[in-house]
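Here the structure is laid out as structure tokens; the discussion comes afterwards.
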Amino acid sequence: MSVPRPRSRTRSCLAVAAVAALVLSWGGPALAEQQGPTTVEPAGAAFTAELVGSAVFTAGDVTITCDVSATAPGNGNNLVPDAPDNHDPDGAVGGPINAPNFTDCTTDVVLVNATVTVNDPVWQMTMQHGSPSLATMIVPAAGIVVNTSGLATCTATVSPDADAPIEGEWTNGDPASTLAFDTTTAVDVEGGFGCPSVSEAGFTATYAVTNADDSASPITVSG
């Protein structure tokens, strides 16, 4: 078994930046500017979204992998609007969702650990039919904070000054539809020696979205 070589402090700093991305790094540019009718079905259905495989976060040559991330219905959230509000002839359909969690995360840099805090438990989500169809999550300003410990003690805050609309590509499926993210997120990193001066990091992940009331009736987005 080989012995890992010591990592440079610069690489460790990049790891801290990558950890910042794991806080739901869905804040990137819009996939497309779209308008038009949208219908989300079944009306009134509760839905879950669970990570398929792993979420991968990158900053420079550093990678962080999270194996668990999900949002589930509760407290009146994660619901397709009742008819007729599940249809909008001019734009998107949406409502409140419970903020997803991120756990079972590892980094490829030795001696860097992280904890993720979701400060706002309820976000907003909209769905817009188009080519591609989009699902947009609105992360409240400073809604997620990552604290690191080990080689560097830093605090990374996602979009600290404004709500962040975060878009992924929606694909209808049966029984599960998919929501895929491949984007970057804005972050603000603070701390002492060893904390990086970076503004964004990359994120890729795919979620399976299912009907929590009836798994045989998929959640779909159409015009």
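The values are calculated or read from the model by the stated rules, or taken from the named source; none is laboratory data. Just so it is clear, the model here is predicted, and its values are computed rather than measured. Cβ coordinates were reconstructed from backbone atoms using ideal geometry, including for glycine residues, and neighbour counts include every protein chain displayed. Just so you know, the surface numbers come from the protein's heavy atoms only, side chains and all, with ligands and any DNA or RNA stripped out. Shrake-Rupley method; radii C 1.70, N 1.55, O 1.52, S 1.80 Å.
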With the crude spin-label approximation of a point 7 Å out along Cα→Cβ, what separation in nm comes out for ASN101 versus SER149? 1.9
On the accessible surface of region 82-223, probed at 1.4 Å, how many percent belong to carbon and sulfur atoms? 50
Share (percent) of C-alpha pair distances in region 113-220 greater than 17 Å works out to 63
Between ALA70 and ASP163, what FRET efficiency follows from the Cβ-Cβ distance if R0 is 25 Å, with the result rounded to 0.05? 0.70
